[in-house]
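Reading through the structure tokens given below for one structure.
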Amino acid sequence: MGLATSAKPEDLPDSVSAEELASWDTWRQRRRAAFTERLKQAEASHPNANEQEIQLIRKNETEILKKRLCGVPFQSSIFLPGSPVSMHLKREMESDLAKHGLHRLTFDWNSSPSQGCL
């Protein structure tokens, strides 16, 4: 995924496709629907359960689903304010983001670290 190292700036896509935009707009709703469906399946597998057992089933299934969620692993590096960011680090970071599904995330590499802080 992503662009080859020999790619030119004009190889970048012009804009977001309608499919990508729709996917980004609805990812929370789709994830919530999948989560709810999984809870309904767990409840349906125990048709004779009483209210207390249903709560326990939902709690256990929720814990199982939470364990499957994991954040994107990033390694921090020492960054001194005012020092330029190496091209190697820029490429590595952007390729890591692309590998984890964040293809269109870009940075303003020339901004100072204090910008955007409250």
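What follows draws every value from the coordinates through simple rules; no lab data is involved. All values reported here derive from a predicted model rather than from experimental measurement. All Cβ positions, even for glycine, are placed from backbone atoms using ideal geometry, and neighbour counts span all protein chains on display.
Close contacts from the range 26-40, counting a first residue that is of a type in the set (A, V, I, L, M, F, W, C) and a second that is in a helix (DSSP H, G or I), with Cβ to Cβ under 6 Å and a gap of 6+ residues or different chains, come to L39/R58; L39/E61. Only residues that are exposed (fewer than 10 other Cβ atoms within 10 Å of the Cβ) and either over 17 Å from R32 (Cα atoms) or touching a Pro at 6+ places or on another chain (Cβ under 6 Å) (or both) were counted across the range 55-68, and they come to 0.
Residue count for the range 30-54, restricted to those that are over 16 Å from I64 (Cα atoms) and either touching a Pro at 6+ places or on another chain (Cβ under 7 Å) or among the basic types (K, R) (or both): 1.
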